[in-house]
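Could you have a look at this structure, given as structure tokens, before my questions?
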Amino acid sequence: MQIGLLGKANVGKSTFFSAATETPVPTGNFPFTTIEPNVGVAYVKSECACKHFEIEHKNELCSNGTRFIPIKLIDVAGLVPGAHEGKGLGNQFLDDARQAEVLIHVVDIAGTTDIQGQPVPIGSHDPLEDVKFVQEEFDQWFVDILKREWDKLTREIDQKRAKLTDGIAKRFTGLGVKDFQVQEVLQKLGLISKNPKEWSDDDILTFVKELRKNTKPIIVAANKADLCKDLEIIKQIPDTVIPCSAETELLLRKATKAGIINYKPGDEGFSIVDGKEIPPPQQKALDVVKNIFSKIQSTGIQKILNTAVFESLNFIVVYPVEDESKLTNKDGDVLPDAKLLPDGSTAKDLAGLIHADIAKGFLHAIDCKTKQRIGGDHKLKNGDVIKIVSTLSRG
């Protein structure tokens, strides 16, 4: 599971990364502070299966029945207009972004940075311009990939050496695009039966836009929402958009780590640790945070991560165990693992995710909630606790 964090320079992308992963990275008000991609572990959260069974267990990733599941977050190099032509760090940016399954586009919704990422007075830059330019860069990247071998592809189809769906999917293999995704877009747009030789430039652009939306979904993180004079602007953004304040989340996590406040990512507030005396400067900062919460309810960071995984990618959480009665692994740990799988995944898919050998020797599985035996093609549901029975063990 890889999520890409993208956006122009100085919109708070690195701050978002630091807040989500608690990993310090360089930040600064100049382009290309981030040159090499920063990679860290962030967490999505879901209700732990321990609540269903009404049990308590010791797991550092379970907090009062809320389970935190690790994901990989990639903060890629700064993006500028013309990246698809190699401008700025464009080629490196696109190569890093290629590895991500979903993209979070951090936008300065308060308009405090121009299109190049230089500081400007609040509200003097239109953030919709940033949303548009990033979409256009990705769309043009997809266009370039397809057009590069379009003549060769049309000849192959003419000579019956390739099918339209397979030929296009082959060109996008490096981006993780699957045949069925190409097929779905072709059918949706009515291009499945149209001779590729007759495709216009508009047909190609419309096709790649839809393919990009399906295979590289983008969530807009409307950062610096606490500084934005009018949040109504987010209604003009066509993608999924969530207001956020990365600076606030980072402050709250540092205060939590210092033992000053009680706060969990995604909470809509915080409380001072009992008996803790807060120096005036820190109290002033926490008062500012309270005002921010009154404006945007939460910092938005956790909501963005959860939306990326559970809504844009439509993933579910499944808990594999080795003992179906005690819900443990071989070491006796209760509900030790939580796995993320695409909705529609089967018991055998889960086996393969655990280890290839387990999938190879798959016999059946047991649904620990119902105690029923299930087959390899049984579709799993969110929150399932599953024991895999296999003739082969790991290693």
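The values are calculated or read from the model by the stated rules, or taken from the named source; none is laboratory data. Note that the structure is a prediction, hence the values are computed from the model and not measured. Glycine also receives a Cβ, built like all others from the backbone with ideal geometry; neighbour counts cover every protein chain displayed.
Checking the structure you have, find out if any residue of the stretch 339-346 is under 19 Å from His57 (Cβ atoms), in a strand (DSSP E or B) and under 24 Å from the mean Cα position of the chain (by Cα). I'd like the intermediate steps shown before the answer.
First pass over the stretch 339-346, keeping only residues under 19 Å from His57 (Cβ atoms): 339.
From what's left, in a strand (DSSP E or B): 339.
Now narrow it down to the ones that are under 24 Å from the mean Cα position of the chain (by Cα): 339.
Yes, the stretch 339-346 contains a residue that is under 19 Å from His57 (Cβ atoms), in a strand (DSSP E or B) and under 24 Å from the mean Cα position of the chain (by Cα).
Within the stretch 270-285, can you find the residues that are touching a Phe, Trp or Tyr at 6+ places or on another chain (Cβ under 9 Å) and either exposed (fewer than 13 other Cβ atoms within 10 Å of the Cβ) or over 27 Å from Thr307 (Cβ atoms) (or both)? Full working, then the answer.
Pass one, the stretch 270-285, residues touching a Phe, Trp or Tyr at 6+ places or on another chain (Cβ under 9 Å): 270-271.
Ser271 - this is the single residue of the stretch 270-285 that is touching a Phe, Trp or Tyr at 6+ places or on another chain (Cβ under 9 Å) and either exposed (fewer than 13 other Cβ atoms within 10 Å of the Cβ) or over 27 Å from Thr307 (Cβ atoms) (or both).
From the list Leu363, Leu353, which one is assigned to a strand (DSSP E or B), in contact (Cβ under 8 Å) with a residue 12 or more places away in the chain and not assigned by TED's automatic domain parsing to the domain that holds Ile55?
Details: Leu353 fails: assigned to a strand (DSSP E or B).
Every option except Leu363 fails the conditions.
Follow-up question, since we're still on this one. Output the number of residues of the stretch 266-319 satisfying the condition of being farther than 15 Å from Leu252 by Cβ, among the acidic types (Asp, Glu) and touching a residue at least 24 places away in the same chain (Cβ under 8 Å).
1
Continuing with this model, one more query. (1) in a loop (DSSP other than H, G, I, E, B); (2) touching an Asp or Glu at 6+ places or on another chain (Cβ under 8 Å): which one isn't true of Val185, the others all being true?
Checking Val185 against (1) in a loop (DSSP other than H, G, I, E, B); (2) touching an Asp or Glu at 6+ places or on another chain (Cβ under 8 Å), the one that fails is (1).
In the stretch 266-293, which residues are over 23 Å from Thr66 (Cβ atoms) and either among the small types (Gly, Ala, Ser) or part of a loop (DSSP other than H, G, I, E, B) (or both)?
Gly275, Lys276, Glu277, Ile278, Pro279, Ala285
Also, I was wondering about something else. Considering only residues of the stretch 99-141 that are assigned to a strand (DSSP E or B) and surrounded by 18 or more Cβ atoms within 10 Å (Cβ to Cβ), which is farthest from the chain's Cα centre (by Cα)? Can you show your working first?
Taking the stretch 99-141 first, the residues assigned to a strand (DSSP E or B) are 102-108, 113, 119.
Among the residues that remain, those that are also surrounded by 18 or more Cβ atoms within 10 Å (Cβ to Cβ) are: 102-108, 113.
Working: Val102: 5, Leu103: 6, Ile104: 6, His105: 10, Val106: 12, Val107: 15, Asp108: 19, Thr113: 24 Å.
Selected residue: Thr113.
Is it the case that some residue within the stretch 309-328 is exposed (fewer than 15 other Cβ atoms within 10 Å of the Cβ), over 20 Å from Pro70 (Cβ atoms) and acidic (Asp, Glu)?
Looking through the stretch 309-328, at least one residue is exposed (fewer than 15 other Cβ atoms within 10 Å of the Cβ), over 20 Å from Pro70 (Cβ atoms) and acidic (Asp, Glu).
Tell me, yes or no, whether the stretch 60-74 has at least one residue that is outside any helix (DSSP H, G or I), at pLDDT below 85 and crowded, with 20+ Cβ neighbours inside 10 Å. Break it down stepwise before answering.
Of the stretch 60-74, the ones outside any helix (DSSP H, G or I) are 60-74.
Within this subset, residues satisfying the condition of being at pLDDT below 85 are none.
Checking the stretch 60-74: not a single residue is outside any helix (DSSP H, G or I), at pLDDT below 85 and crowded, with 20+ Cβ neighbours inside 10 Å.
Looking at the stretch 197-204, is at least one residue surrounded by 14 or more Cβ atoms within 10 Å (Cβ to Cβ), touching a residue at least 60 places away in the same chain (Cβ under 8 Å) and of a type in the set (Val, Ile, Thr)?
Checking the stretch 197-204: at least one residue is surrounded by 14 or more Cβ atoms within 10 Å (Cβ to Cβ), touching a residue at least 60 places away in the same chain (Cβ under 8 Å) and of a type in the set (Val, Ile, Thr).
Going through the stretch 213-253 one residue at a time, which ones are assigned to a loop (DSSP other than H, G, I, E, B) and small (Gly, Ala, Ser)?
Kept after step one, since they are assigned to a loop (DSSP other than H, G, I, E, B), are these residues of the stretch 213-253: 216-217, 224-230, 237-239, 244-245.
Hits for the stretch 213-253 are Ala225, Ser245.
Phe93 - would you say it is in a helix (DSSP H, G or I), modelled with pLDDT of 90 or more and buried (at least 21 other Cβ atoms within 10 Å of the Cβ)?
Working: in a helix (DSSP H, G or I): yes; modelled with pLDDT of 90 or more: no; buried (at least 21 other Cβ atoms within 10 Å of the Cβ): yes.
Criteria not met by Phe93.
Turning to a different aspect of this structure: Restricting attention to the stretch 142-161, and to residues there that are closer than 18 Å to Asp203 by Cβ and of a type outside the set (D, E, K, R), which single residue is modelled with the lowest pLDDT?
So the residue we want is Ile157.
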